[in-house]
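Engineer: Dumping the structure here so I can ask a few things about it.
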Amino acid sequence: MSLDSDIALLKRIPLFADLPTEQMRLLAFSAVRLDLAPDQVLFREGAKASSGFVVSSGGLQLTVGEGSKKKVVANCEIGSL
């Protein structure tokens, strides 16, 4: 994605929608893109957060529990924070 398309994606998120143009450009420029494989874990419940994540393509599921006790608590699509 280009910087302009990253900015367009971030503008769709209410938390970032009203940022001034320069702050939005800085946020988009400093973003790090991650490509996840199917079933790859992005983070685990209870882990300390050092960043936030925005879904830019595809989707992901937020789950709790493990194995037979695993439960989907949210489905995140493009633009989800």
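The values are calculated or read from the model by the stated rules, or taken from the named source; none is laboratory data. Source: prediction; values computed, not measured. Note: ideal-geometry Cβ built from the backbone for every residue, glycine included; neighbour counts use all protein chains shown. Note: accessible area is taken over every heavy atom of the protein model, side chains too, but ligands, DNA and RNA are not part of it. Shrake-Rupley method; radii C 1.70, N 1.55, O 1.52, S 1.80 Å.
Engineer: Relative to the first principal axis of the alpha-carbon coordinates of the chain, what is the inclination of helix 21-30, with its axis defined by its Cα atoms, in degrees from 0 to 90 and to the nearest 10?
Structural biologist: 50
Engineer: To continue, here is another question. From the residues Ser50, Leu34, Leu62, which one has its Cα farthest along the dipole of region 24-81 in the positive direction, the dipole being from +1 and -1 charges on Cβ of Lys/Arg and Asp/Glu about the Cα centre?
Structural biologist: Ser50
Engineer: Okay, next question. In nm, to one decimal, how far is the modelled label at Arg44 from the one at Glu66, with both set 7 Å along Cα→Cβ?
Structural biologist: 0.7
Engineer: Can you give the net charge of the other residues whose Cβ lies under 14 Å from the Cβ of Gly79, counting K and R as +1 and D and E as -1?
Structural biologist: Local net charge: 0.
Engineer: Taking all protein chains in place and a 1.4 Å probe, what share, in percent, of the accessible surface of the chain do carbon and sulfur account for?
Structural biologist: Heavy-atom surface of the chain belonging to carbon and sulfur, 1.4 Å probe: 54 percent.
Engineer: While we're looking at this one, here's another question. Return, ordered by residue number, the residues of region 56-81 whose backbone nitrogen is under 15 Å from a label point located 7 Å along Cα→Cβ of Ala17.
Structural biologist: Zone members listed by number: 79-81.
Engineer: Still on this structure: For the chain, state which GluC sites (Glu not before Pro) are in a DSSP loop and have at most 13 other beta carbons lying within 10 Å of their beta carbon.
Structural biologist: Passing both the DSSP loop test and the Cβ count: Glu45, Glu66.
Engineer: Take the alpha-carbon centre of region 5-31, take the same for region 52-75, and report the distance between them in whole Å.
Structural biologist: Each part's Cα centre sits 24 Å from the other's.
Engineer: Further question on the same structure: Give the accessible surface of the chain per residue, rounded to a whole number of Å², with probe radius 1.4 Å and ligands, DNA and RNA excluded.
Structural biologist: 82
Engineer: A follow-up question, please. Report the trypsin sites (Lys or Arg not before Pro) located in region 2-75 that are in a DSSP loop and have at most 15 other Cβ atoms inside 10 Å of their Cβ, or state none.
Structural biologist: Loop-located and lightly packed - Arg12, Arg33, Arg44, Lys48, Lys70.
Engineer: Turning to a different aspect of this structure: Calculate I(q)/I(0) for the chain by the Debye formula, one identical point scatterer on each C-alpha and no solvent, and give its log10 at q = 0.12, 0.15, 0.20, 0.21 Å⁻¹ to two decimals.
Structural biologist: Here the Debye-derived log intensity ratios amount to -0.41, -0.62, -0.99, -1.06.
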